[in-house]
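Participant: Quick one: this structure, given as structure tokens, is what I'll be asking you about.
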């Protein structure tokens, strides 16, 4: 952290106050569930939940089903993307390159104690959707109130 | 370089037929490659559909727009645990000028990636010049 004593100018103070504030922000690994580990080439992810299952959606444009490896490790879902090498021909050259390339791994920790019951996945227009069925013990138990 | 991105949404006012979308949108990341006879733009636009993509070339400017449907009704019963992306439309514009043959521009959409082929104008294509004997 930068010390205010070293930079006494009011402008510097404000600048470094803001910088310190920024540096103090939690990194991606420190944020609460469902973030597990995050490697380079971030896969934008949404996680939804209903009574029966978790639904993990990821943006995976340009990725073929055979380039995706999904595995359940305990209560973690690991999504591994192995992208094929760029198809740029020897006659071509990049003028601009913004799209993510290379391999990516993302792990999502599920907020349950035992492994999901079953998993299925679909991919449509570059969005991967993984459905993870909750184990029985993780489902909401409904209690009926009986009259006396 | 012949392809220049239109830096922001405040595109020239000369063209009233191609308005910038009023709804919020995001810029799709792109790769632009140059080949001997064409430029190729590949844009990541996951979640849209072929029929919801609009590509226009007007007065030397290429505009790409992709509409993304809002989530289905069944999704609304779910609780959002985490959101890193929203169903937001895509929009991006490039100032290309006269360097491409506008009538031959073609595009494909597959696996969430839009690929636009921009054939170079004849004057930009490499030409082999024969040396004639006297």
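The values are calculated or read from the model by the stated rules, or taken from the named source; none is laboratory data. Because the structure is a prediction, the values reported are computed rather than measured. Heads up, the Cβs are rebuilt from the backbone with ideal geometry, glycines too, and the neighbour counts pull from every protein chain shown.
Participant: Just to be sure before I move on: is residue A:73 more than 9 Å from chain B (Cβ to nearest Cβ) and surrounded by fewer than 15 Cβ atoms within 10 Å (Cβ to Cβ) in the structure I sent?
Facilitator: yes
Participant: Can you confirm whether region A:87-102 contains a residue that is surrounded by 15 or more Cβ atoms within 10 Å (Cβ to Cβ) and more than 30 Å from residue B:32 (Cα to Cα)?
Facilitator: no
Participant: Residue B:101 fails exactly one of the following numbered conditions: (1) within 14 Å of another protein chain (Cβ to nearest Cβ); (2) under 19 Å from residue A:92 (Cβ atoms). What is the number of that condition?
Facilitator: (1)
Participant: Residues in region A:60-70 that are outside any helix (DSSP H, G or I) and either more than 10 Å from every other protein chain (Cβ to nearest Cβ) or modelled with pLDDT under 90 (or both): how many?
Facilitator: Qualifying residue count for the region: 3.
Participant: Among what's in region A:45-59 and is more than 7 Å from chain B (Cβ to nearest Cβ) and not in a strand (DSSP E or B), pick the residue that is nearest to residue A:116 (Cα to Cα).
Facilitator: A:52
Participant: Just checking, which of B:26, B:92 is at pLDDT 90 or above, more than 10 Å from chain A (Cβ to nearest Cβ) and out of contact with any helix residue (DSSP H, G or I) (no Cβ under 6 Å at 6 or more places or on another chain)?
Facilitator: One residue alone meets the criteria, B:92.
Participant: Another question, if that's okay. Output the residues belonging to region A:95-137 that are facing chain B (nearest Cβ under 10 Å), touching a strand residue (DSSP E or B) at 6+ places or on another chain (Cβ under 7 Å) and assigned to a loop (DSSP other than H, G, I, E, B).
Facilitator: A:98, A:99, A:110, A:125, A:126
Participant: Quick one: would you say residue B:60 is in contact (Cβ under 8 Å) with a residue 40 or more places away in the chain, surrounded by fewer than 18 Cβ atoms within 10 Å (Cβ to Cβ) and closer than 16 Å to residue B:116 by Cβ?
Facilitator: When the stated conditions are applied, residue B:60 does not pass them.
Participant: Oh, and also: Here are A:53, A:24: which of them is exposed (fewer than 15 other Cβ atoms within 10 Å of the Cβ) and at pLDDT below 90?
Facilitator: A:24
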